[in-house]
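Here the structure is laid out as structure tokens; the discussion comes afterwards.
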Amino acid sequence: MILMKKLSTLFCVLLFCFSSVAQTPTYQQKLYITGKIWGFARYYHSSVSNCMVNWDSVLVHYLPSIKNAATNNDFNDLLDSMLTAAGPMALSNTPFPDTIAPELKFNRDFSWFSDPLIRSDVKTMLDTIKNNFRPHPICYVQDNYYTGAYSGWLIFPYDSLMRSNPLFTNYPDEPNRVLAFYKVWNIIRYFYPYNNALDHPWDSTLYEYAPQIADAPDATTFSTLTIKVATRLNDAHAYGLTWAGNASAYIPKIFTPMLQLKYIAGQYTVVKSYYSEVSRGDVIVSVNGLTPIQMEDSLRPYISAGNPAVFHRSMETTLLGNDYNANMTLVLKDSAGNDYTISKTANSYPYNSWYDYYPNDSLATVSWQTIQCDLGYVNMGQLQDADVPQMYDDLKNKKAIIFDLRNYPNETAWDIAQLMYPQPMEFSAITQPDVTYPGVFYWYHDVVGPNGAATPYQGKVIILMNEETQSQAEFTCMILGHMPNSIKVGSQTAGADGNVSWFRIAPDLQFGYTNLGIFYPNGDSTQRIGIIPDVPSLPTIAGVRDHRDEVLETALQIACELSVPTVENKLTQIQIAPNPATEFVTITLNNPQVKETMISISDLAGKTLLQQTAGGVSKTDFNVKSFPAGMYIVTIQTGAQKVVKKLVVKS
């Protein structure tokens, strides 16, 4: 945050110095000042903010003259006339003490009033508006708590469709292009909760992009610039919610060959393949002659991401992107380290069902289940709200429950907390935009837990998470992670952890962003940072090749140690070889004091696949040739005593 303040100050100082020596302001400077003044009056002027003035048409009327203003005095005369067109500001006789905490009003910054390009009489008009403003309903923005169909946390009644005609069939003229950009920029300026956590100060985005929008020659360029503006938010929600509905403007390109990638150990690794010559675990070397790093550099301006984990997640579906039916040349590296080349066609849409990938095939479609070591497992992407009571009834006596959040949940966390929490607890603090006071936020403290009698969960709660864990999934992590005896296993989440808002610039161009600031009760932010695991665990390329779910394995290692009784030394003389195995595995026991043991091999879902009785001293062979590649559990049990071991089967 300190770095951001320094960057913002540096930007303002540079702009101030440049402005102070300019006898005739450039069009870029005029667009910058005009956009700020127009947006400020839109939300703060008593007549404009109540929609008593057609403020859009005022801007469109004055912009051509502003562009052609020959001197700074000419420019300020036009600013004066534009503000006069707003009508007189309603004057207030009541004092308005500023008691709002600094962290809630960083978007309410009017230091730009002192820009040397703004003449003193115009500054006086701006001060009059600011000093007489009092919080009141603003016609341009409304809370959206109680609508029947969810359409964003905030709604923008006059901005939800800025242009009724599609850009690609009725491209607007320059003043109307600038108008649309000013609307977008000012919505973020006043209602985005993370303007103090951007890589680039939001003012610099206005200064840099306003002239580019003004000069944009066609709809494709305009849409591309809009996507680049959204990227400046460093917000994974902005990437998913900002899009152009015309194929020529898709950036990144969205059609790919039928290969699904995951970013593992610094390489884009194949995890699903439609082609016999491409195997799981092969890695991308180049795409049409460009290395993955070169592809990242070329696509980075179009991918809004708060942290490297979510950037690479986005690249997983865009690295191979191209136009529909485009021919592509791919170089990959196989498990032996050899490069090979394939030519494929980009004819698959990466969000269809073929691309569904889950690290563990046997648990991909279950809602909840008892798995190894008598543990509970809950797939939060499958669990439905109506299933929560039965799930908890089935698993409440398990010594550990694993909640898998490497997916998008179905709003079940609140009901889970109602059953499992020992008492109501605050798990997050939220900054919400005050729609009656643009630029200001207020705190809301979120509490969940039982209101009446409950049977709280006594065991360990283990949460699986990775870069796929975003938004509601991250919020769910916070809820489950606030339970006693919780452990978070995996890797950094997406860092986009709040409700969203969106609006249409035109029928074929949408813009969206995160609208709530999400913090822990102690004030630590989750935006961009995400949820940090207690026990880091990442997949490996070797694990992908062996069909292993190494994050779940880590959780099982933790959980099984919690739930398996301490084993006496007489059951510790055990060997499993080879491990990994491909066809046969031999389990050797050397415990002379033991007369009989039961050896079983099961999958991670707890299904027993092979089982055999053996003596305390024995060698027992098991045929695992038909097993799908992946990790399995070997259990050696004598009476109430047992040992649990891992077995990896390779294809």
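The values are calculated or read from the model by the stated rules, or taken from the named source; none is laboratory data. A quick note: this is a predicted structure, and the numbers were derived from the prediction, not measured. We place every Cβ from the backbone using ideal geometry, glycine too, and count neighbours over all the protein chains shown.
Of all the criteria given as (1) under 28 Å from the mean Cα position of the chain (by Cα); (2) of a type outside the set (Lys, Arg); (3) within 30 Å of residue 530 (Cα to Cα), the one not satisfied by residue 370 is (1).
Of the numbered criteria (1) in contact (Cβ under 8 Å) with a residue 24 or more places away in the chain; (2) in a helix (DSSP H, G or I); (3) touching a strand residue (DSSP E or B) at 6+ places or on another chain (Cβ under 8 Å), the one residue 228 fails is (3). Only residues that are closer than 18 Å to residue 465 by Cα and either not hydrophobic (A, V, I, L, M, F, W, C) or not assigned by the TED database to the domain that holds residue 449 (or both) were counted in the range 390-423, giving 8.
Counting the residues of the range 416-449 that are assigned to a strand (DSSP E or B) and not β-branched (Val, Ile, Thr) gives 13.
The set of residues in the range 450-487 being in contact (Cβ under 8 Å) with a residue 60 or more places away in the chain, more than 30 Å from residue 240 (Cα to Cα) and not in a loop (DSSP other than H, G, I, E, B) consists of 460, 461.
Residues of the range 383-415 being part of a loop (DSSP other than H, G, I, E, B) and either over 30 Å from residue 313 (Cα atoms) or not hydrophobic (A, V, I, L, M, F, W, C) (or both), which ones? Full working, then the answer.
Of the residues in the range 383-415, the ones part of a loop (DSSP other than H, G, I, E, B) are 383-384, 396-399, 405-412.
Selection gives 384, 396, 397, 398, 399, 406, 407, 408, 409, 410, 411, 412.
In the range 360-382, how many residues are assigned to a loop (DSSP other than H, G, I, E, B) and either surrounded by 23 or more Cβ atoms within 10 Å (Cβ to Cβ) or of a type outside the set (Ser, Thr, Tyr) (or both)? Counting residues in the range 360-382 that are assigned to a loop (DSSP other than H, G, I, E, B) and either surrounded by 23 or more Cβ atoms within 10 Å (Cβ to Cβ) or of a type outside the set (Ser, Thr, Tyr) (or both) gives 6. Looking at this structure, is residue 562 modelled with pLDDT of 80 or more and over 30 Å from residue 515 (Cβ atoms)? No: the conditions fail for residue 562.
With respect to residue 392, is the statement that it is within 24 Å of residue 551 (Cβ to Cβ) and in contact (Cβ under 8 Å) with a residue 24 or more places away in the chain true?
Considered against the rule, which asks whether it is within 24 Å of residue 551 (Cβ to Cβ) and in contact (Cβ under 8 Å) with a residue 24 or more places away in the chain, residue 392 comes out as yes.
For residue 304, state whether it is buried (at least 18 other Cβ atoms within 10 Å of the Cβ), modelled with pLDDT of 95 or more, of a type in the set (S, T, N, Q) and not assigned by the TED database to the domain that holds residue 365. Yes.
The condition (being among the hydrophobic types (A, V, I, L, M, F, W, C), touching a helix residue (DSSP H, G or I) at 6+ places or on another chain (Cβ under 8 Å) and more than 19 Å from residue 430 (Cβ to Cβ)) is satisfied by just one residue among 559, 494, 555: 559.
Screening the range 324-356 for residues that are part of a loop (DSSP other than H, G, I, E, B) and surrounded by 14 or more Cβ atoms within 10 Å (Cβ to Cβ) and picking the one that is modelled with the highest pLDDT gives 334. Looking across 548, 528, one residue alone is assigned to a loop (DSSP other than H, G, I, E, B) and modelled with pLDDT of 95 or more. It is 528.
Applying the condition of being in contact (Cβ under 8 Å) with a residue 40 or more places away in the chain and among the hydrophobic types (A, V, I, L, M, F, W, C) to the range 373-389 and asking which residue is nearest to residue 468 (Cα to Cα) yields 380.
Just checking, does the range 259-273 include any residue being charged (D, E, K, R), under 29 Å from residue 409 (Cβ atoms) and part of a strand (DSSP E or B)? Yes: the range 259-273 contains one or more residues that are charged (D, E, K, R), under 29 Å from residue 409 (Cβ atoms) and part of a strand (DSSP E or B). Filter the range 290-347 down to the residues that are within 26 Å of the chain's Cα centre (by Cα), without any contact (Cβ under 8 Å) to a residue 60 or more places away in the chain and closer than 28 Å to residue 650 by Cβ and list them by number. Those that are within 26 Å of the chain's Cα centre (by Cα), without any contact (Cβ under 8 Å) to a residue 60 or more places away in the chain and closer than 28 Å to residue 650 by Cβ: 292, 316, 319. Determine if the range 91-102 includes at least one residue that is more than 41 Å from the chain's Cα centre (by Cα), surrounded by 10 or more Cβ atoms within 10 Å (Cβ to Cβ), more than 24 Å from residue 195 (Cα to Cα) and modelled with pLDDT of 95 or more. No: the range 91-102 contains no residue that is more than 41 Å from the chain's Cα centre (by Cα), surrounded by 10 or more Cβ atoms within 10 Å (Cβ to Cβ), more than 24 Å from residue 195 (Cα to Cα) and modelled with pLDDT of 95 or more. Does the range 520-540 contain at least one residue that is free of Cβ contacts under 8 Å to residues at least 12 places away in the same chain and under 21 Å from the mean Cα position of the chain (by Cα)? Looking through the range 520-540, at least one residue is free of Cβ contacts under 8 Å to residues at least 12 places away in the same chain and under 21 Å from the mean Cα position of the chain (by Cα). Of 425, 380, 391, 420, all but one fail to be of a type in the set (A, V, I, L, M) and closer than 30 Å to residue 103 by Cβ; the exception is 425. If you check 404, 394 for being touching a strand residue (DSSP E or B) at 6+ places or on another chain (Cβ under 7 Å) and crowded, with 23+ Cβ neighbours inside 10 Å, only one passes: 404. Could you say whether any residue in the range 125-144 is without any contact (Cβ under 8 Å) to a residue 40 or more places away in the chain, surrounded by fewer than 12 Cβ atoms within 10 Å (Cβ to Cβ) and out of contact with any helix residue (DSSP H, G or I) (no Cβ under 9 Å at 6 or more places or on another chain)? Looking through the range 125-144, at least one residue is without any contact (Cβ under 8 Å) to a residue 40 or more places away in the chain, surrounded by fewer than 12 Cβ atoms within 10 Å (Cβ to Cβ) and out of contact with any helix residue (DSSP H, G or I) (no Cβ under 9 Å at 6 or more places or on another chain). The residue pairs whose first member lies in the range 44-58 and is within 23 Å of residue 163 (Cβ to Cβ), whose second member is among the polar types (S, T, N, Q) and at pLDDT 95 or above, and whose beta carbons are closer than 6 Å, counting only pairs six or more residues apart or on different chains, are 53/47. On the stretch given as the range 261-279, residues that are buried (at least 19 other Cβ atoms within 10 Å of the Cβ) and at pLDDT below 95 total 0. Only a single criterion out of (1) of a type outside the set (S, T, N, Q); (2) loosely packed, with under 14 Cβ neighbours inside 10 Å; (3) closer than 29 Å to residue 27 by Cβ is not satisfied by residue 110, namely (2).
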